[in-house]
Amino acid sequence: MKLTKTRIPGVVLIEPKVFEDSRGYFFESYNKRDFDKAIGYGVDFIQDNEACSSYGVVRGLHFQKGEFAQAKLIRVTEGKVLDVAVDLREESPTYGQYVSQILSNENKLQMFIPRGFAHGYAALSERVIFQYKCDNLYCPEAEGGLKFNDPKLGIDWRIKEEDMIISEKDKKYSCL
């Protein structure tokens, strides 16, 4: 696996080694030993999630507070998304900044987002299957979010706002 650091410490892109031949392809999407070695510490993922979305769906920006914070390992198995991580670690020099990356079934990139970040994505293809591992269980009482169109963040979701499909809950979040 090839690891690429982003401009925000802790958020990394992971490119698996893909073996292709006339039958198709094979790659190891997760190996705990290699993953922990690559990021420099152990992460115990305990929950896998999957979402299906259509073009224009924007999910997020979500986070879990306090002891329920979650690290995530994200990948797309069908389609293409713009994946976004916003640094909410108050002691961080990159607090309030974000990184974004196109993840798709074609590029097979994965994004690791440590605890202390808000996360969201926009579906850029007609159909998206989005999968992610979490290192902590979801707790409804610890849920938080940021407004997807927060002007302080200025995220270009690569979809016109009038074409976005956003849940009522996500529309009600406040800005940073």
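Those strands (runs of 3 or more DSSP E) of segment 1-106 in which 1 or more residues are modelled with pLDDT of 95 or more and either among the β-branched types (V, I, T) or surrounded by 13 or more Cβ atoms within 10 Å (Cβ to Cβ) (or both) occupy 12-15, 47-54, 58-64, 72-78, 80-87, 98-104. Of all the criteria given as (1) within 22 Å of I46 (Cβ to Cβ); (2) free of Cβ contacts under 8 Å to residues at least 40 places away in the same chain, the one not satisfied by A118 is (2). In the set (1) under 22 Å from G154 (Cα atoms); (2) in contact (Cβ under 8 Å) with a residue 60 or more places away in the chain, R89 fails one condition alone, (2). Candidates in segment 135-176 are the residues that are assigned to a helix (DSSP H, G or I) and of a type in the set (D, E); of these, the one that is farthest from I46 (Cα to Cα) is E162. Picking from residues in segment 92-106 that are in contact (Cβ under 8 Å) with a residue 60 or more places away in the chain and polar (S, T, N, Q), the one that is nearest to F26 (Cα to Cα) is Q101.
Inspect segment 124-134 for any residue being closer than 16 Å to R7 by Cβ and outside any loop (DSSP other than H, G, I, E, B) and give the result as yes or no.
No, segment 124-134 contains no residue that is closer than 16 Å to R7 by Cβ and outside any loop (DSSP other than H, G, I, E, B).
Scanning segment 32-57 for residues being touching a helix residue (DSSP H, G or I) at 6+ places or on another chain (Cβ under 7 Å) and on the phi > 0 side of the Ramachandran plot gives a total of 1.
The values are calculated or read from the model by the stated rules, or taken from the named source; none is laboratory data. Because the structure is predicted, anything quoted here is derived from the model rather than measured. Positions of Cβ are backbone-derived with ideal geometry, glycine not excepted, and every protein chain shown enters the neighbour counts.
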